[in-house]
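Working notes, beginning with the structure itself.
Derivation of every value follows stated rules applied to the coordinates shown; laboratory data play no part. Remember, it's a predicted structure, so these values are computed and weren't measured experimentally. FYI the Cβ positions are ideal-geometry reconstructions off the backbone, even for glycines, and counts take in every protein chain you see.
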Amino acid sequence: MSTHNKRIIAASLATATCSLLGTSVVAPVQAQEDPGWDFNTALLYYGESDGRVQDVSLNVLARRAFVDDRFLTLGLAVDTLTGATPSGALAYDGPQTFTRPSGLATYTTPANQTPLDDSFLDTRVALTAGWQQPFARLYSFNVGLSASKEYDYLHLGANLGLSRDFNKRNTTLSLGVAFSQDDLEPVGGAPLPLSAMLDVGDLSNRSGDQSKDVTDLVLGLTQVINRDLLVQLNYSFSKSTGYLNDPYKFLSVVDGSTGDPISRTPAPGDSGPLHEYRFESRPDERSKHSVYGQAKYNMSGKVLDLSYRYMSDDWDIDSHTLEARYRWPFGDRRYLEPHVRYYTQSAAEFYRIGLVDGATPPRFASSDYRLGDFDAMTVGLKYGWKTRSDNDMSIRLEYYTQDGSAPSDQIIGNQAGRVLYPDLDAIIAQFSYRF
Amino acid sequence: MSNSITLRYRVMALCLSTVLGGCTSLGVEPWERDELAREDMQLVTDPVEAGLDDHIYFSKEASSGGRGFGGGGCGCN
């Protein structure tokens, strides 16, 4: 692509980013005067089986190098989401009718199927802007802003990082902090925690807009071991406060001996759910601690990339993530890169597959499968090549699967023969072009 | 400042100096960085792909971040 075209794209991206962030457009003026942009673009398809979530994502990351190792980075991502996602209700031998999140209509799930909310439709636009530069010979700092908008969600964030080199720049210590403030405007209003799903038109259990704040801290150590080996060790802390529920997820209310959902009759003349359901309730605080280690090892031109992450939070979730990539060049301009990722997590202490009718309701309860006990595996392959004009292209294809289980001490009566955890299979396909 | 907090800071400073002291025997000379400078030897070789993966796993799992800040900023989780 010509330098002129690169300048036009860079200027447009900078204008779009700065408009959303509410800052004046300063950078493009410099950009047009001094070329040197690097564009990293990707088109991604993520598709789950059984008509669940489909995402098409277009991404552009533009990086402008200035003299003295100073960099401006601008990013744009547009996601188009469609499909259905598990609502949290249990599968049952008969059909189940639910009130839609809007509170204005109903939908019905056939017998023996995991109830899915099929009103999942959204477009997400995300923008990022970052600046990085060295100072005082051995130090470097970076600042960044991020913003994203969905139909029912607005995210605004800022981050700041500082690093210092030691030992002939073989050791780098870094510290980063990030703050974000997210506003939720759930369709139909946020349901009150543990309130019952009501008839169509009855919005008496809905509250107004909600918000949450997230503070992240990352402390990192990067060390060159020798000419072929580089390692990194990070400690991260993340604190979320505010509205941490998923406003569209709810639990079935079941009979204490049969495990079947409790029947319900809508008010005369109204339509509504034919069984009892209650909206989920999560704590309004969450603290996560993570330790992350990564090693890059060069083996005569082939590169092995290994990483491990341990995470533990005060919702009683522990997780382990192991990931390996192996870049295997062949010829002068091509490479293959197999990728394997294994993930396992324990359930949140308040994870429940359903609520028992008549029992004292717990303070917190969620049947969101992402808070359950499950293992996940990703296997994939990437093929990359350099074009005649020395630009990078790659395609990757990956398969992601989740395999979970319901806690055995929560399974009641007839539930034993039903699907209680919605396993997941997904395909990830990506085309990348860097120029 | 209480004695316990002073002690905690001293222990942290000792750990940090031990780590950094241990690191001095590791590493390479500036002219030996040829392999490490290669694009495929960077900790993050493709930032867009890394961001996309963070976003996917953030929206499907209860964990996020580690390598950097969590892949938040969306209503997907």
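Counting partner chain Cβ atoms within 10 Å of every residue's Cβ in A:219-228, what's the average?
On the way: counts 0, 3, 4, 1, 6, 7, 4, 6, 8, 4.
Other-chain Cβ atoms within 10 Å of each residue's Cβ, averaged: 4.
Is there a simple number for the mean count of other chain Cβ atoms within 10 Å of the Cβ of residues in B:33-46, and what is it? Can you show the working numbers first?
On the way: counts 5, 1, 9, 9, 0, 4, 3, 12, 9, 4, 10, 3, 7, 12.
Mean number of neighbouring Cβ atoms from other chains: 6.
Highest first, please rank the peptides A:245-252, A:125-132 by the mean number of other Cβ atoms sitting within 10 Å of their residues. Mind showing how you got there, number by number?
On the way: A:245-252: 24.5, A:125-132: 18.5.
Highest mean packing first, the order is A:245-252, A:125-132.
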Fill in: On Cα atoms only, tilt of A:3-21 relative to the major axis of chain A in degrees
40
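Can you give the calculated 222 nm mean residue ellipticity of the protein assembly as shown, where each DSSP H run of n ≥ 4 adds -39,500 (n - 2.57) and the sum is split over every residue, rounded to the nearest 500 deg cm²/dmol?
Values: 4 runs with 61 residues, N = 512.
So the calculated ellipticity at 222 nm is -4000 deg cm²/dmol.
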